[in-house]
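Trainee: For reference, the structure I am asking about is given below.
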Amino acid sequence: MTNPHLTGGGRRQTQLTRARILEAARQQLGRAPESSLRDIAEAAGVVRRTVYDHFAGRSALVGGLVEDAAEALRRALAGVPDPGPEAIDAMAGFVLALWPVGDRYRTLLRLTPQDLGVERVSEILGPARATAAAIITRGQRQGVFHTSVPPEPLGRALERLILALLECVNAGTWSDDGRGGATAVLIALGVDADLAAARVRGLDRPALVRVR
C-alpha cells in the first residue's frame, strides 16, 4: 500500500514506480496470463516486496490494470470524432481511435477467468461493443456493409480481427499505426478494398491524437 505521508519527490517516485509495475504487468500478462507476481516484479525491474508495497496481491494488481484499461477506453470513445452519417467513416474513425489502447483491450480479454469475471469484462468493453454494433447496424441499413451476419456477432468477429492484427504488430510481423487495421475491418465488412483505403486515408488523423 502506498504510504500516505509521502510528499513531493517521494510521492512522484511512488507514482512512477506504480505506473512501471502496471505497465510491466500489462505486457507480461498480455504474453502469459498465468504469470506470477514474481514474474511481473522481474519484468518491472523491482523486487516482489516493492510490488506488495503498491498492491496487496494479484487481485489488487489486476484491479489496477482493469481500471487503467477502463479509463483508457473511456477516453478513446470520448475522442472518436463525429464523422456525420456515413457508416464507413464512422467505423474507420472508431478503429483508429481504439487502436492506441488496443493492447489494454487485448490484455483484458487474455486475463484468466479467476482474475477477471466475464461480467466485469462485459461491463468494461460494453460501451465499445455497443458503439461498434450501432455503426454496423447503420452501415447495413445504408447498404455499405454486408448483412449476412447480425451486428452484434459481426462486431465480436471484428473485435477478434483487430486483436489478431495487434498481436502481429507486437510480434513484429506487421507494422501499422491503425490505418491498416481500419482498412482491414472495412474490407471484412464488405467495403471494396480501394474504397476502404481511400476513406481511411481521407480521415482527419490529427483529431485522433487526443485519445492517446
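Trainee: Compute the distribution of all C-alpha to C-alpha distances in segment 49-203, in bins of 5 Å from 0, and list the percent of pairs in each, rounded to whole numbers.
Mentor: Taking all Cα pairs of segment 49-203, the binned fractions are 1, 9, 18, 20, 19, 14, 8, 5, 3, 2, 1, 0 percent.
Trainee: Is the C-alpha gyration tensor of segment 88-177 telling us rounded, prolate or oblate? Criteria: a/c under 1.5 is rounded; beyond that, a/b larger than b/c is prolate, otherwise oblate.
Mentor: oblate
Trainee: Between E123 and S36, what is the FRET efficiency for a Förster distance of 22 Å, r being their Cβ-Cβ separation, to the nearest 0.05?
Mentor: Plugging the Cβ-Cβ distance into 1/(1 + (r/R0)^6) gives 0.25.
Trainee: I've got another one for you. Please work out the FRET efficiency for the pair E23 and Q142, using the Cβ-Cβ distance as r and a Förster radius of 35 Å; give the result to the nearest 0.05. Could you put the intermediate results ahead of the total?
Mentor: Details: r = 41 Å, r/R0 = 1.16.
Step by step, r from the Cβ atoms, then E = 0.30.
Trainee: Does segment 51-101 come out rounded, prolate or oblate, given a ≥ b ≥ c as the square roots of the eigenvalues of its C-alpha gyration tensor, rounded meaning a/c under 1.5 and, failing that, prolate meaning a/b above b/c?
Mentor: Values: a/c = 5.16, a/b = 4.37, b/c = 1.18.
Verdict is prolate for segment 51-101.
Trainee: Next question. Can you list the DSSP H helices in the chain whose Cα atoms extend at least 20 Å along the helix axis and whose mean Kyte-Doolittle hydropathy is -0.5 or higher?
Mentor: Values: long enough: 8-31 (35 Å, -1.09); 58-78 (30 Å, 0.42); 118-142 (33 Å, -0.08); 151-171 (30 Å, 0.61).
Passing helices, by number: 58-78, 118-142, 151-171.
Trainee: Percent of accessible area on the chain owned by carbon and sulfur, 1.4 Å probe? Don't skip to the end; give the middle numbers.
Mentor: Values: 5850 of 10820 Å².
The computed percentage sits at 54.
Trainee: Moving on to the next point. In nm, to one decimal, how far is the modelled label at R156 from the one at D177, with both set 7 Å along Cα→Cβ?
Mentor: Distance between the two pseudo-spin positions: 3.4 nm.
Trainee: Could you work out which residue, out of R26, R75, R11, moves most in a Gaussian network model of the chain, that is, has the largest mean-square fluctuation with Cα springs under 10 Å?
Mentor: R11
Trainee: Still on this structure, please answer the following. Mind pulling up the Rg/Rh value for segment 126-191? Radius of gyration and Kirkwood radius, both on Cα.
Mentor: Numbers: Rg = 12.4 Å, Rh = 12.4 Å.
Result: Rg/Rh = 1.01.
The values are calculated or read from the model by the stated rules, or taken from the named source; none is laboratory data. Predicted model only: the values in this text are computed from it and were never measured. FYI the Cβ positions are ideal-geometry reconstructions off the backbone, even for glycines, and counts take in every protein chain you see. Protein only, heavy atoms only, side chains kept; ligands, DNA and RNA dropped before computing areas. Shrake-Rupley method; radii C 1.70, N 1.55, O 1.52, S 1.80 Å.
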